[in-house]
Amino acid sequence: MTMGGFENSWPLTAYGSSVAWFRNELAHRRIVLDESSPLGIALHRLEAYAANVLVDDTFFYPSTEAAFEEHATIYGADLLTKAIHVGCNAGLSLTRDRWNMLATDDPLVTRPVEKSEDQSGRNKTWETVIGCLTANFAADVRFEEPDVTCIYQGQRHVIAAKMIYSTRKITKNVLKGAEQAAPFADVQHVFANPVALLKGAEILRLSRTVELNADQMALHFEVWSRAWVDAYGCADACMDIYESGANVAFFMPLLIDSRDAPRPLIALTGFFHEGKNGGFEFARQFQYEWARLPGFTSTASTTYLRRSAPSGGSMSTQRQS
């Protein structure tokens with residue numbers, strides 16, 4: 001199957017499998033989704049795409065930019081609906097206000113947005129995705145100060161969720177997240193998502209020049225993600241946070257060419273403690289829960305994620321000289 005130069009060979013029938021459930025949950029709460037809203041449009045495109053792959057072998061896009069925009073939107077809608085489905089199945093309860101927010105703002109955390117008014121909804125979505133996926137491996141997950149709290153391996157973990165929109169504010173936002181997390185937990189985390197700053201179409205284009213298998217591609221872009229953090233001047237501030245006791249994780253939603261098709265990859269880098277304050281194992285477990293959602297495992301294979309997460313203790317990422 002071809003897709004404007006991309007071979008379309010992964011299990012696309014998995015796309016959209018939680019959309020009907022999501023729509024039913026909105027209807028049950030008497031929340032009307034405006035089909036012209038960002039989420040309404042994204043769900044429609046996801047449903048159309050999932051239906052079309054069953055009858056049409058070929059998809060053409062005029063450019064890599066167009067392919068990226070389409071798949072970042074489909075990916076975002078699929079991630080959102082499946083993550084919430086997973087969280088609710090794990091026993092997490094979302095308030096009606098949170099459901100309503102998803103229906104009225106732009107909640108797709110896999111693509112950049114330009115309008116500042118879209119930011120509040122995406123911030124809440126990032127928080128919601130974190131809570132829902134965490135509920136699949138941790139206990140007593142709550143949406144409370146600073147953003148998400150839970151019990152993991154007998155310790156209270158707290159997460160400050162930060163969407164990053166400006167190169168000038170990366171350090172400020174991460175520092176703020178650490179300050180918010182500090183008073184509340186045995187283990188403190190800042191989970192940052194800088195998708196608004198990533199050049200997604202360019203990354204997709206460049207990935208086509210890298211001949212690597214799925215696990216090698218995952219490792220390649222984790223190395224790249226650390227270089228990105230260093231290039232934006234975050235390392236010193238993050239090390240200051242690390243030295244104060246908090247863990248800092250950057251999760252980067254990418255679309256990568258793999259077997260000539262655009263496939264999701266969630267890259268992880270950061271600054272993590274070992275021992276009782278360790279954050280790497282927790283962050284890697286979150287990454288694993290994201291990557292193993294149906295249709296998301298083609299590039300960052302779950303075998304690689306499991307193998308690279310140590311069973312005892314966490315990996316410490318030190319300052320680079």
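Computed from the coordinates by the stated procedures, all read-outs in this text should not be read as laboratory data. Treat the numbers as computed from the prediction; the structure is a model and nothing was measured. Positions of Cβ are generated from backbone atoms using ideal geometry, with glycine treated the same way; all protein chains shown enter the neighbour counts.
Quick notes on this structure:
- Estimated vicinal HN-Hα couplings, Hz - segment 285-290 in sequence order (Karplus 6.51, -1.76, 1.60; Gly, Pro = x): 5, 4, 4, 4, 4, 5
- Counting only Cα atoms, segment 81-152 measures 36, 23, 22 Å along its principal axes, largest extent leading.
- Backbone phi angles across segment 70-84, fed through the Karplus curve with coefficients 6.51, -1.76 and 1.60 (θ = phi - 60°), yield HN-Hα couplings of 5, 6, 5, 6, 4, 4, x, 5, 5, 4, 4, 5, 6, 4, 5 Hz in residue order; Gly and Pro are listed as x.
- Less than 5 angstrom separates the built amide H of VAL148 from those of ILE159, ALA161, all sequence-distant by 5 or more or on a different chain.
- Long-range HN-HN contacts of SER258 with modeled amide H, under 5 Å: ARG263
- In a fully extended conformation the segment linking THR104 and ALA51 would gain 16.6 nm over its present Cα-Cα distance, using 0.36 nm per residue.
- When each of the peptides 279-292, 17-30 is scored by the mean number of other C-beta atoms lying within 10 Å of its residues, the order from highest to lowest reads 279-292, 17-30.
- Between GLU144 and ASP236, the FRET efficiency from the beta-carbon distance, with R0 = 30 Å, is close to 0.45.
- The distance separating the Cα centre of segment 56-96 from that of segment 196-246 comes to 22 Å.
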